[in-house]
Amino acid sequence: MKRTIGLFAGDGELPVEIARRLSGEGNPAVAFSFREDTKPLRKWTSEVIKVDRPAIGKIVKDLEARGIRDLILAGLVPKKLIYRADLMDDDLRNMISILGSRDDHAILDAVVSFFGSRGIRVLPYREIVPDMLAREGAIAGRPLRPEEEDDIRYGLRIAASLVPMSFGQTVVVKSRSVVSVEAMEGTDAAIERAGAISRGGVVVKMMRPDQDERFDIPVIGPGTLETMHEAGIVCLAVEAGRTIVLGGELFRERAEEWEIAVTGVIPAPSS
């Protein structure tokens with residue numbers, strides 16, 4: 001007898017793809033959704049519960065009432081919510097108030113620990129979408145240019161210095177100079193800022209070494225390529241084995257159409 005899985009679904013394509021695959025295995029999830037449009041989820045889940053505010057205590061009670069002990073966290077949740085204490089319930093407000101750091105890493109760890117304290121296990125989703133993990137080497141689009149290979153190496157060194165501090169997961173580099181760095185605003189906004197300064201260059205994206213791969217793997221997709229195309233940036237390097245590539249054939253078609261080189265890289269071990 002298969003167990004019921006809960007899916008905490010933020011924005012983006014990843015939660016829908018996870019829901020689709022679980023449904024295909026004959027085990028549709030119960031989704032708790034922050035999304036404005038829940039229609040894509042409803043097709044692949046047994047139930048969708050709309051979540052209007054980050055009330056973690058209520059979510060736990062809903063999970064317990066349904067006998068759900070396994071939960072997947074996937075998709076984007078607006079980071080600006082950490083500045084909206086009025087929207088939080090007491091459980092989340094108290095949890096955040098005692099954190100020494102309020103970066104993504106610390107908050108997500110605290111949330112997962114809270115679920116665990118209530119007997120709810122957070123499952124890794126990479127095991128559901130292993131075929132979507134970026135491979136090393138060429139992924140899509142045209143071959144790399146020599147100057148792009150130089151910028152990738154430079155960008156990896158910069159990102160490796162920044163990601164342990166829980167920002168800089170994405171850096172945009174041109175001519176071995178940093179044009180923009182991602183903080184709370186997200187990857188697309190960092191790319192747009194870079195495009196407003198200089199056309200060309202390379203987007204480099206990697207994970208923090210101790211980032212929890214159960215629920216926090218970087219994601220790229222056709223929308224990433226569209227943002228790059230509009231910004232005039234035509235090279236994307238992502239960490240192989242630790243980045244999810246969404247979109248399948250559409251991703252490859254857009255990379256070809258816009259002559260964007262997409263490659264998977266393995267950062268050098270930190271010394």
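The values are calculated or read from the model by the stated rules, or taken from the named source; none is laboratory data. These numbers were taken from a predicted model, which means no experiment stands behind them. All Cβ positions, even for glycine, are placed from backbone atoms using ideal geometry, and neighbour counts span all protein chains on display.
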- Task: Scan the range 130-142 and give yes if some residue there is in contact with a helix residue (DSSP H, G or I) (Cβ under 7 Å, 6 or more places away or on another chain), within 28 Å of residue 80 (Cβ to Cβ) and either of a type in the set (D, E, K, R) or in a loop (DSSP other than H, G, I, E, B) (or both), otherwise no.
- Result: no
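Results for (1) assigned by TED's automatic domain parsing to the domain that holds residue 75; (2) surrounded by fewer than 16 Cβ atoms within 10 Å (Cβ to Cβ); (3) in contact with a strand residue (DSSP E or B) (Cβ under 6 Å, 6 or more places away or on another chain); (4) of a type in the set (Lys, Arg), shown as yes or no for each residue.
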| residue | (1), (2), (3), (4) |
| --- | --- |
| 162 | no, no, no, no |
| 174 | no, no, no, yes |
| 193 | no, no, yes, yes |
| 221 | no, no, no, no |
- Note on the structure: Of the residues in the range 235-271, those that are farther than 27 Å from residue 104 by Cα, out of contact with any strand residue (DSSP E or B) (no Cβ under 7 Å at 6 or more places or on another chain) and crowded, with 18+ Cβ neighbours inside 10 Å come to 254
- Note on the structure: Exactly one of 216, 188 is in the same structural domain as residue 242 (by TED's automatic domain parsing) and either assigned to a strand (DSSP E or B) or closer than 19 Å to residue 240 by Cβ (or both), and that residue is 216
- Note on the structure: Quick count over the range 48-78, residues being in a strand (DSSP E or B) and surrounded by 14 or more Cβ atoms within 10 Å (Cβ to Cβ), is 8
- Determine if the range 243-264 includes at least one residue that is in contact (Cβ under 8 Å) with a residue 60 or more places away in the chain, within 19 Å of residue 150 (Cβ to Cβ), polar (S, T, N, Q) and not in a helix (DSSP H, G or I). yes
- Within the bounds of the range 147-154, is there any residue that is surrounded by fewer than 18 Cβ atoms within 10 Å (Cβ to Cβ), out of contact with any helix residue (DSSP H, G or I) (no Cβ under 8 Å at 6 or more places or on another chain) and touching a residue at least 40 places away in the same chain (Cβ under 8 Å)? no
